[in-house]
1. When you check ALA41 against the structure, is it modelled with pLDDT of 90 or more, part of a helix (DSSP H, G or I) and of a type in the set (Gly, Ala, Ser), yes or no?
2. Go through (1) over 17 Å from the mean Cα position of the chain (by Cα); (2) more than 19 Å from ARG34 (Cα to Cα); (3) assigned to a helix (DSSP H, G or I) one by one and return the number of the condition ALA107 breaks.
3. Condition check: part of a helix (DSSP H, G or I) and within 25 Å of SER57 (Cβ to Cβ). Does SER139 satisfy that?
4. Could you give me the residue pairs with C-beta distances under 7 Å whose first residue belongs to region 1-29 and is touching a residue at least 60 places away in the same chain (Cβ under 8 Å) and in the same structural domain as LYS94 (by the TED database), whose second residue is open to solvent by 80 Å² or more (accessible area, probe 1.4 Å) and assigned to a helix (DSSP H, G or I) wherever it lies, and which are 6+ apart or on separate chains?
5. Would you mind telling me which numbered condition in (1) within 30 Å of LEU27 (Cα to Cα); (2) open to solvent by 30 Å² or more (accessible area, probe 1.4 Å); (3) within 18 Å of the chain's Cα centre (by Cα) HIS74 fails?
6. Taking the options ILE122, ILE134, name whichever one is at pLDDT below 95 and part of a helix (DSSP H, G or I).
7. Does TYR23 meet the test of being within 25 Å of GLN179 (Cβ to Cβ), among the hydroxyl-bearing types (Ser, Thr, Tyr), open to solvent by 80 Å² or more (accessible area, probe 1.4 Å) and in a helix (DSSP H, G or I)?
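The values are calculated or read from the model by the stated rules, or taken from the named source; none is laboratory data. If you're wondering where the values come from, they're calculated on a predicted model, not measured in any experiment. Here the Cβ positions follow ideal geometry from the backbone for every residue, glycine too, while neighbour counts run over all protein chains shown. Note: areas computed on protein heavy atoms with side chains; ligands, DNA, RNA excluded. Shrake-Rupley method; radii C 1.70, N 1.55, O 1.52, S 1.80 Å.
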Amino acid sequence: MAGPDLIKTLMYTVNHLLQQDKYRAALAVVKGFRNGAVYGAKIRAPHALVMTFLFRSGSLKDKLKAILKATYTHSRNLACFVFTYKGLQTLQEKIQGKTLQSHSFLAACVGGWLVFGDNNNINSQINMYLLSRILFALSRLAVEKGLIPQPKRDPFPLFATLVWGIVLWLFEYYPHTLQPSLQSSMNYLYHDSNVWHDISDFLVYNKPRTAAQK
């Protein structure tokens, strides 16, 4: 009976601690670390699974290792960034006694430099993902603030035109400038579709089975 009673006492103590307002800021930082780790794993694991089995060669063991490594890196980095960001926000608020917009910017800058400043495939994907969202958001904000006039027509068709025109031009003539995963995807779509030998690698397989197994 000592075991269950000890667990009940421990759970009561922990739950009581979690309700204390004086610890709320610190606990929010800890939960931010937890949420970053979980969200990073949820986002990266399926993406790594699909991309690895579609485009990566090697044994099943090597592929599984690559998936786990990518998932761990994304999860760890996002957890560390959230921890750093929320911690620095709280610290600045405590020092100045109020919340300012600059707190968010400065905390994120430091976290971005410390966590996402390392130039690797995972960080590159995350940073480029955010860059595209930032450009959209800043454009909308500029319209809201009256810095640029409200477009009379939807600018999205022009945006799509330029994005696809530029990326395919880069792929065809300067592919080394594109991220490796994007190169792999475009090779599969636009170059591998130019090659076949019979019905098997025309409809069933991307490449002849003998070539794919080498």
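1. Values: modelled with pLDDT of 90 or more: yes; part of a helix (DSSP H, G or I): yes; of a type in the set (Gly, Ala, Ser): yes.
Answer is yes for this residue.
2. Going through the list (1) over 17 Å from the mean Cα position of the chain (by Cα); (2) more than 19 Å from ARG34 (Cα to Cα); (3) assigned to a helix (DSSP H, G or I), ALA107 breaks only (2).
3. On the way: part of a helix (DSSP H, G or I): yes; within 25 Å of SER57 (Cβ to Cβ): no.
Spelling it out, it is not the case that SER139 is part of a helix (DSSP H, G or I) and within 25 Å of SER57 (Cβ to Cβ).
4. Here the result reads VAL29/PHE83, each pair linking region 1-29 to a residue that is open to solvent by 80 Å² or more (accessible area, probe 1.4 Å) and assigned to a helix (DSSP H, G or I).
5. Going through (1) within 30 Å of LEU27 (Cα to Cα); (2) open to solvent by 30 Å² or more (accessible area, probe 1.4 Å); (3) within 18 Å of the chain's Cα centre (by Cα) one by one, HIS74 breaks only (2).
6. On the way: ILE134 fails: at pLDDT below 95.
Step by step, each of ILE122, ILE134 is checked, and only ILE122 is at pLDDT below 95 and part of a helix (DSSP H, G or I).
7. Values: within 25 Å of GLN179 (Cβ to Cβ): no; among the hydroxyl-bearing types (Ser, Thr, Tyr): yes; open to solvent by 80 Å² or more (accessible area, probe 1.4 Å): yes; in a helix (DSSP H, G or I): yes.
So TYR23 fails the test.
This table checks each residue for (1) part of a helix (DSSP H, G or I); (2) closer than 24 Å to GLN125 by Cβ; (3) of a type in the set (Phe, Trp, Tyr).
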residue: TYR12; (1), (2), (3): yes, no, yes
residue: LYS31; (1), (2), (3): yes, no, no
residue: ALA37; (1), (2), (3): yes, yes, no
residue: ALA48; (1), (2), (3): yes, yes, no
residue: LEU54; (1), (2), (3): yes, yes, no
